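Reading through the structure tokens given below for one structure.
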Amino acid sequence: MTLLSFLGAKIKDPFHHALQENALSDVDSEILLSWLESDAPWNLKIAEFYQQYEFNFKGLELPDSIARIFSKESISGIKEDIEQLFLVELSDKVDISAHKLIKNQSIEMHNDFVPRQETHRVLIQLNRGWVDANGGVLMIFSDSTPGNVSSSFMPLHNTAFAFEISPRSFHAVSTINSGERFTIVLSFFKAEK
């Protein structure tokens, strides 16, 4: 994976997060998006606050072109960038999954916080020609009040959003009006002392 470094990114409030453009090389982003659109093993998941298609990379036999993007060395490099950006020591455990939202799907406000679970997450957006009219905006909230949107990010193709998971990391995804919204989710775990 040829992720650009988050090290030049600024950490922002209301919870620690950073945005990076050109997350992957143009070639890798196209290879990955084409695979997500055509051959990825999607399963519908219906949960309390969302409905989406998803799958976990664990145990999958990936095509060589996709396995190369998610090599051990590439993931280790991302982990090191996240450690430096958020001043944290992470374990070697990394969970990688993919999410797909389609028309009329959304993700309600939540914070992803579960004690002793993932502590940091990187979301890589892979969305062909995404515009405002498509919906699917990532919204950041200043607290647990649904109307208190602090900032929002359109899921532009090949952008990455990194954040620290905490009881304050409230976020949501607005309803998809059209198109398919693809996200690669890399979840990291704080090292145990």
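Each reported figure results from applying straightforward, stated rules to the coordinates on display, with no laboratory input. Predicted, not measured: the structure shown is a model, and the values here were computed from it. Don't worry about glycine lacking a Cβ; one is built from the backbone with ideal geometry, like all the others, and counts go over all protein chains shown.
Projecting the Cα atoms of Leu156, Gln117, Ser91 onto the charge dipole of the chain, computed from C-beta unit charges around the Cα centre, puts Gln117 farthest toward the positive end. Sorting Thr145, Thr119, Thr175 by the number of Cβ atoms found within 10 Å of their own Cβ, with the fewest placed first, yields Thr145, Thr175, Thr119.
Subtracting the Cα-Cα distance of Lys58 and Glu192 from their residue separation scaled by 0.36 nm leaves 46.0 nm.
Distance check, please: which entries in Lys12/Lys190; Lys10/Lys58; Lys12/Lys58; Lys10/Lys45; Lys103/Lys190 exceed 28 angstrom between their Cα atoms? Violating the 28 Å Cα-Cα cut-off are Lys10/Lys58; Lys12/Lys58; Lys10/Lys45; Lys103/Lys190. Rounded to the nearest whole angstrom, the semi-axes of the ellipsoid equivalent to segment 17-190, taken from the Cα gyration tensor as √(5λ), stand at 23, 21, 15, largest first. Computed about the Cα centre, the dipole magnitude for the chain is approximately 320 debye when only Lys and Arg (+1) and Asp and Glu (-1) carry charge, each at its Cβ. If R0 is taken as 30 Å, the Cβ-Cβ distance between Glu83 and Asn111 corresponds to a FRET efficiency of 0.90.
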